[in-house]
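To start, the structure under review is shown below, and the notes come after it.
The values are calculated or read from the model by the stated rules, or taken from the named source; none is laboratory data. These numbers were taken from a predicted model, which means no experiment stands behind them. Because the Cβ atoms are built from the backbone with ideal geometry, glycine has one as well, and the counts that use them run over all protein chains shown.
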Amino acid sequence: MAYAVEVEQLSRRFGSVAAVDGLTFRIEPGEVFGVLGPNGAGKTTTVRLLNGVLAPSGGRAWVLGLDPAAHGCELRRRTGVLTETPSLYERLTARDNLHFFGALYGVAEADLPRRVDDLLALLGLSERANHKVGSFSKGMKQRLALARALLHQPDLLFLDEPTAGLDPEAARQVTAWIEQASRERGRTVFLCTHNLAEAQRLCHRVAVLDRGRLLAVGTAAELARTLWHGLWVDVDLRTRPPGALADSLRALPGVTELTLDEDRLAVQVEGEAVIPSVVATVVGQGGQVLRVNPRVYSLEEIYFRLQRERKEGAA
Ligand SMILES: Nc1ncnc2c1ncn2[C@@H]1O[C@H](COP(=O)(O)OP(=O)(O)OP(=O)(O)O)[C@@H](O)[C@H]1O
Ligand SMILES: [Mg+2]
């Protein structure tokens with residue numbers, strides 16, 4: 001199957017700075033792919049390389065099967081981009097901006113007015129459609145820039161920090177629109193963000209960058225499995241269990257570690273299949289089980305653990 005995006009050892013230097021340093025990853029069509037990493041990690045540079053705005057200093061990239069360095073124009077007709085600082089015409093109205101860019105992206109003249117009106121309505125800008133963009137707040141400009149990115153119904157959407165600087169309500173709305181846009185037409189989304197909760201909600205897989213390098217790539221569950229070996233299971237008990245329980249559990253095949261603190265038991269197991277025998281042992285020894293929760297790590301926990309490991313590795 002053809003990938004929506006495929007990069008191999010992609011690199012870009014600016015003088016002595018390796019902004020993007022040997023990235024290799026693939027994105028399936030229809031995937032929402034998150035790119036995380038601290039300031040200066042190389043996220044925006046990667047977006048610019050994939051859009052053919054910058055040429056790589058090394059490695060290769062294919063976007064919708066095309067080399068962006070050679071086929072930038074053709075690609076821009078099939079991709080939508082929301083850049084870090086959306087440049088809109090401040091002296092034109094919102095509607096005129098969309099008409100201008102729609103014509104530029106080759107949207108058929110007959111379809112354009114309807115599509116512009118639909119997008120203005122979708123993004124809550126109908127009332128301000130005939131106002132000059134110079135009078136818009138940051139959030140309104142961001143929404144208009146998102147409308148522009150969607151105008152020509154692209155197969156692949158690049159969003160560089162789409163909710164940066166938005167109030168919580170506007171950010172949540174934009175997140176919902178991204179979710180909707182990704183479901184339409186099996187669209188692929190490449191999303192750079194510092195908002196880890198947003199990434200957790202939207203992204204199927206994430207890549208974590210640091211100083212141009214890929215620290216990790218995968219689903220949150222895949223990354224958690226590599227960072228915390230084995231699976232931790234929290235078992236809440238109604239009362240403190242008998243002292244011998246800890247030894248019995250340690251003797252069970254597949255149990256690798258445990259902690260017992262009053263009525264909270266945490267057991268590390270090799271996999272889910274071990275959980276029933278843990279519960280049976282606890283109950284068999286008179287433990288009164290209230291809850292059994294396999295631990296799920298948030299993207300935030302994963303992100304900070306990766307950054308810490310990177311720093312410890314560098315030290
Ligand atoms: N045009 C440029 N000229 C010189 N250096 C650049 C240029 N663009 C980016 N860089 C450098 O490349 C590195 C990566 O920058 P980039 O903008 O890709 O980071 P980012 O991950 O998008 O960061 P942020 O989270 O702050 O947006 C930084 O060290 C930056 O200073
Ligand atoms: Mg950036």
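Kindly indicate whether any position in the stretch 81-90 is in a loop (DSSP other than H, G, I, E, B), surrounded by 15 or more Cβ atoms within 10 Å (Cβ to Cβ), modelled with pLDDT under 95 and touching a Phe, Trp or Tyr at 6+ places or on another chain (Cβ under 9 Å). Scanning the stretch 81-90, I find at least one residue that is in a loop (DSSP other than H, G, I, E, B), surrounded by 15 or more Cβ atoms within 10 Å (Cβ to Cβ), modelled with pLDDT under 95 and touching a Phe, Trp or Tyr at 6+ places or on another chain (Cβ under 9 Å), so the answer is yes.
For Asp236, work out the one condition from (1) touching a helix residue (DSSP H, G or I) at 6+ places or on another chain (Cβ under 9 Å); (2) on the phi < 0 side of the Ramachandran plot; (3) acidic (Asp, Glu) it doesn't fulfil. Against the list (1) touching a helix residue (DSSP H, G or I) at 6+ places or on another chain (Cβ under 9 Å); (2) on the phi < 0 side of the Ramachandran plot; (3) acidic (Asp, Glu), Asp236 comes up short only on (1). Picking from residues in the stretch 143-193 that are in a loop (DSSP other than H, G, I, E, B) and either under 12 Å from the mean Cα position of the chain (by Cα) or β-branched (Val, Ile, Thr) (or both), the one that is nearest to Glu109 (Cα to Cα) is Pro162. You will find that of Arg76, Arg48, Arg115, Arg95, the residue that is in contact with a Phe, Trp or Tyr (Cβ under 9 Å, 6 or more places away or on another chain) and basic (Lys, Arg) is Arg76 and no other.
Scanning the stretch 253-273 for residues that are acidic (Asp, Glu) and part of a strand (DSSP E or B) gives Glu257, Asp261. Among the residues of the stretch 31-46, some residue qualifies, meaning at least one is within 16 Å of ligand 2 (Cβ to nearest atom) and either among the basic types (Lys, Arg) or over 30 Å from Glu300 (Cα atoms) (or both). Screening the candidates Ala199, Ala171 for the property of being buried (at least 18 other Cβ atoms within 10 Å of the Cβ), assigned by TED's automatic domain parsing to the domain that holds Arg48, of a type outside the set (Asp, Glu) and at pLDDT below 90 yields one hit, Ala171. Contact map, the stretch 40-68: residues that are farther than 19 Å from Glu28 by Cβ paired with residues that are assigned to a loop (DSSP other than H, G, I, E, B) and within 12 Å of ligand 1 (Cβ to nearest atom), Cβ distance under 6 Å, separation 6+ or inter-chain. Pairs shown: Gly42/Gly212; Lys43/Gly37; Thr44/Glu84; Arg48/Leu54.
What residue, among those in the stretch 217-232 that are hydrophobic (A, V, I, L, M, F, W, C) and at pLDDT below 95, is surrounded by the fewest Cβ atoms within 10 Å (Cβ to Cβ)? If you could, list the steps in order and put the result at the bottom.
Step one: filter the stretch 217-232 for residues hydrophobic (A, V, I, L, M, F, W, C), giving 217, 220-221, 223-224, 227-228, 231-232.
If we keep only those that are at pLDDT below 95 too, we end up with 220-221, 223-224, 227-228, 231-232.
On the way: Ala220: 21, Ala221: 10, Leu223: 23, Ala224: 20, Leu227: 15, Trp228: 15, Leu231: 20, Trp232: 19.
Only one residue fits best here, namely Ala221.
Among the conditions (1) surrounded by fewer than 16 Cβ atoms within 10 Å (Cβ to Cβ); (2) under 30 Å from Arg213 (Cβ atoms), Asp263 misses just one, which is (2). Quick check: is even one residue across the stretch 246-259 of a type in the set (A, V, I, L, M) and either in the same structural domain as Gly37 (by TED's automatic domain parsing) or exposed (fewer than 14 other Cβ atoms within 10 Å of the Cβ) (or both)? Yes - at least one qualifying residue is present in the stretch 246-259.
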